[in-house]
Structure formats: C-alpha cells, structure tokens
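The values are calculated or read from the model by the stated rules, or taken from the named source; none is laboratory data. Everything quoted here is computed from the prediction, not taken from an experiment. Cβ sites come from the backbone with ideal geometry, for glycine too, and all protein chains shown count toward neighbours.
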Amino acid sequence: MSSINNLKKSALVIMLATALAACSDNDDNDPIIEEPVIEEPIVVEPVISEFTITFSNLTAGQPLSPLSVIAFEDEAPWTFGAPASVGLEMLAESGANDEYLLFEDALAAVSAEGGIGPGETTTVSISAESLETLNLSFAAMLGNTNDTFTGLSLVDVSTLEVGGSITRTTVAYDAGTEANTETAETVPGPAASGEGFNPIRDDTADIIAMHPGIVSNQDGLSTSVLGVEHKFDNPVSKIVITRTQ
C-alpha cells in the first residue's frame, strides 16, 4: 500500500513539473508587448501685440485721407528717396488705399474708418505677431493737392512695453507721381473734386521727396484751384502709438 501511495505521489510531482514547464514555455513564446508611447506635439501659441494709433491732423485747410497702417518685419512699404509703388501712387493721388494695404510683406494692414478734417483726431488699432523685429508704417493723402501724402516710413515698436507710447510728428511728402499743377481737374479734395489717380498722367520726378508746398492762385499760379487757405506747414500731423497688449 505504501508503495502505491509513493507511486501516486511521484506521478503527481511529475505532472506538476510538466505543467510548470509548459507555463514557462508559453511565457517565452508569448512575450508581453508594450503599447508605443505617442508623444503629443508641442504647440507654441504666437504672442500677439496690439497697438492703438491716435492720428491728429495739424493743418488748417487740408483734409487727410483715412490713415493706412502696415505692420512689417524688414522692408518698409515706402522709403524717402525711392520711387513710389503703384499702391502708394494711388493713395497719394486719390486717397484710396485698397491697393496700398495689399503690401506683400505686410504682417498686418488696417485703415482708419474715414478721412480726417483739419484739426481733427481719429484712432485705429492694429494687431500683429510679436517678432524680434516689428515695425509700423503710416501714410495718408493731403486731399487738396495733386500727389501729397504724409506719414512715417518706419517706426520700430519691437521693444515697446504694454502701456508704453511713442509720439511722432510727420511732414508732407511729394510722391513724385504727378505734376503739382493744382488744377481743378487734378485735385480730388473738396477744393475741386477733380480726378484722383490716373495711371497715364505725368510721373514727374518718380521719386519720393519733401513737398515744396502749395503755390495757390493768390501766389501767381492763375490756373490753380487752391487758395492760401489750403497751404500747410510742417508738421502736418501727429501720431501717437500706444501698445495695449
């Protein structure tokens, strides 16, 4: 009887050993596969800067067209001593700024809502991505002229802190795209309501320069539609740039 019990015990031990070996083999053949870790891409949101521009007309008899503001990084939309672009020519001759605001290197471009009369002030805001170099440029036409505009070619606002302001005054520039005849047919402002931009009209100097001023019919230019009340001195306008964000 004892021999039979021992035999049963031996058989049980062999069975357990075989089962354990089988389990061990299954573990080797079926390793645990870890799911790959998918890393989400890091999205860096751009920092946006916002500026409010206060624009004041300092002249006594010149309405200014809606102020155009362009934010850019490197090359300005216009430069003193260089030829005017077609967009600036249209702005300087007619006050229309649609083409000018399409400047290809603009980070952002906006227009004030309407023209600004003598002694008046208006505001406009612009937002652009904060870059190591961030500049603003401004332009507006003097309506009772042939091709006179005022503005600032470039103002660096890269380091302007939130709440900080920059104040500048502007002078009158001649776009060099039309002779200063001052005739009723060529002055688009309320003094004459003549034709503004005309692509086939004479591009006299074809270079942006300081404007020599109005001659007027009371100064001996008999064909001029302009009077002494339309004359202007520099500065023509004041621009205050305030960073609000």
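Give just the number: which of (1) within 18 Å of residue 169 (Cβ to Cβ); (2) surrounded by fewer than 17 Cβ atoms within 10 Å (Cβ to Cβ); (3) polar (S, T, N, Q) does residue 133 not satisfy?
(1)
Please count how many residues of segment 208-229 are in contact with a strand residue (DSSP E or B) (Cβ under 9 Å, 6 or more places away or on another chain) and surrounded by 15 or more Cβ atoms within 10 Å (Cβ to Cβ).
4
I'd like to check something: does segment 159-169 contain any residue that is surrounded by 15 or more Cβ atoms within 10 Å (Cβ to Cβ) and either among the basic types (Lys, Arg) or more than 14 Å from residue 65 (Cα to Cα) (or both)?
Yes; the residues of segment 159-169 include at least one that is surrounded by 15 or more Cβ atoms within 10 Å (Cβ to Cβ) and either among the basic types (Lys, Arg) or more than 14 Å from residue 65 (Cα to Cα) (or both).
With (1) within 29 Å of the chain's Cα centre (by Cα); (2) surrounded by 17 or more Cβ atoms within 10 Å (Cβ to Cβ); (3) at pLDDT 90 or above as the list, and residue 203 as the residue in question, which single condition is left unmet?
Every condition holds for residue 203 apart from (3).
Being assigned to a helix (DSSP H, G or I) and surrounded by fewer than 17 Cβ atoms within 10 Å (Cβ to Cβ) is the filter here; which residues of segment 75-105 pass it?
Answer for segment 75-105, where residues must be assigned to a helix (DSSP H, G or I) and surrounded by fewer than 17 Cβ atoms within 10 Å (Cβ to Cβ): 86, 102.
Considering only residues that are surrounded by 15 or more Cβ atoms within 10 Å (Cβ to Cβ) and not in a strand (DSSP E or B), which ones fall in segment 235-245?
235, 236
Checking the structure you have, find out if any residue of segment 106-121 is of a type in the set (S, T, N, Q), modelled with pLDDT of 95 or more, more than 23 Å from residue 58 (Cα to Cα) and surrounded by fewer than 18 Cβ atoms within 10 Å (Cβ to Cβ).
no
Give, as residue ranges, the strands (runs of 3 or more DSSP E) completely inside segment 126-171 that count at least 3 residues that are acidic (Asp, Glu) and either under 30 Å from residue 194 (Cβ atoms) or modelled with pLDDT of 95 or more (or both).
none
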